[in-house]
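Peer 1: This is the structure I want to talk about, given as structure tokens.
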Amino acid sequence: MYTREQASQLRQAFWTTFGQYMSPVLSAEGLKPNWLNYNTGQKHVYFRMKADKKTASIGIELTHPDVEIQEIFFDQFTTLKAYLHEQVGETWEWEFHIPDENGKIISRIYKEISPVNVFNRDDWPTLISFFKPRIISLDQFWGDAQYSFEELR
């Protein structure tokens, strides 16, 4: 068992390592993105990578506080579902209007793996191998798909 501080340090060490691993990778547009805090340019649309002691996930989170607007965004992503799955090379899970860990209603499209443990350094290669191709694929997808959301700004 780790203290809160140890857990925080290990989590930070993993994300720092992942960030260093991704730093030479350019975006689909040839730019140098912040892979850990990817900027979609669309308010309330986030690419999230999460890892804990049991699972890891990567996905698109729609967090607009107005659930009707959130639904419009989710519907727009639904029209791009086949293209997203083609870009990432696999089928992802789709969840509409679910509570997040803070009870806030979100919608998300994601892929998850388990068992992995971010606190076990032996799992870091598995985590990096999971996150890297998927965040790159999300970037490629978003390079084209973002224009479908222009009217929703």
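The values are calculated or read from the model by the stated rules, or taken from the named source; none is laboratory data. Keep in mind it's a predicted model, so treat the numbers as computed, not measured. All Cβ positions, glycine included, derive from the backbone under ideal geometry; neighbour counts span all protein chains shown.
Peer 1: Taking the range 114-153 on its own, how many of its residues are at pLDDT below 95 and crowded, with 18+ Cβ neighbours inside 10 Å?
Peer 2: The qualifying residues number 1.
Peer 1: For the range 88-137, how many residues meet the condition of being out of contact with any helix residue (DSSP H, G or I) (no Cβ under 8 Å at 6 or more places or on another chain) and of a type in the set (Gly, Ala, Ser)?
Peer 2: Residues flagged as out of contact with any helix residue (DSSP H, G or I) (no Cβ under 8 Å at 6 or more places or on another chain) and of a type in the set (Gly, Ala, Ser) within the range 88-137 amount to 3.
Peer 1: Pick from the range 7-35 the residues that are in contact (Cβ under 8 Å) with a residue 40 or more places away in the chain and of a type in the set (Ser, Thr, Tyr): which of them is nearest to residue 50 (Cα to Cα)? If you could, list the steps in order and put the result at the bottom.
Peer 2: From the range 7-35, those in contact (Cβ under 8 Å) with a residue 40 or more places away in the chain are 7, 10-11, 14, 17-18, 21-22, 25, 27-29, 33, 35; that's our starting set.
The next check asks that each one be of a type in the set (Ser, Thr, Tyr); those that pass are 17, 21, 27.
Values: 17: 14, 21: 17, 27: 20 Å.
The qualifying residue nearest to residue 50 (Cα to Cα) is 17.
Peer 1: Six or more apart or on different chains, Cβ under 8 Å: which pairs go from a residue in the range 83-99 that's over 18 Å from residue 48 (Cβ atoms) to one that's polar (S, T, N, Q) and surrounded by 11 or more Cβ atoms within 10 Å (Cβ to Cβ)? Could you list them?
Peer 2: 89/137
Peer 1: Could you check, for the range 3-12, whether at least one of its residues is surrounded by fewer than 11 Cβ atoms within 10 Å (Cβ to Cβ), at pLDDT 95 or above and charged (D, E, K, R)? Show your work before the answer.
Peer 2: Filtering the range 3-12 for residues surrounded by fewer than 11 Cβ atoms within 10 Å (Cβ to Cβ) gives 3-5, 12.
This time we only want the ones that are at pLDDT 95 or above, so: 12.
From the residues that got through so far, the ones that are charged (D, E, K, R) too are none.
So far as the range 3-12 goes, no, none of its residues is surrounded by fewer than 11 Cβ atoms within 10 Å (Cβ to Cβ), at pLDDT 95 or above and charged (D, E, K, R).
Peer 1: From the set of residues in the range 23-60 that are more than 26 Å from residue 147 (Cα to Cα) and of a type in the set (A, V, I, L, M), which is surrounded by the most Cβ atoms within 10 Å (Cβ to Cβ)?
Peer 2: 51
Okay, residues lined up against (1) under 20 Å from residue 41 (Cβ atoms); (2) of a type in the set (D, E, K, R):
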site	(1), (2)
56	no, no
62	yes, no
69	yes, no
75	yes, yes
78	no, no
81	no, yes
84	yes, no
90	no, yes
93	no, yes
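Peer 1: Could you please let me know if residue 20 is crowded, with 17+ Cβ neighbours inside 10 Å, part of a helix (DSSP H, G or I) and at pLDDT 95 or above?
Peer 2: Working: crowded, with 17+ Cβ neighbours inside 10 Å: no; part of a helix (DSSP H, G or I): yes; at pLDDT 95 or above: yes.
Here the answer is no, as residue 20 does not meet what is asked.
Peer 1: Can you tell me which residue in the range 26-80 is nearest to residue 133 (Cα to Cα), limited to those that are in contact with a Phe, Trp or Tyr (Cβ under 8 Å, 6 or more places away or on another chain) and β-branched (Val, Ile, Thr)?
Peer 2: Going through the qualifying residues, I end up with 58.
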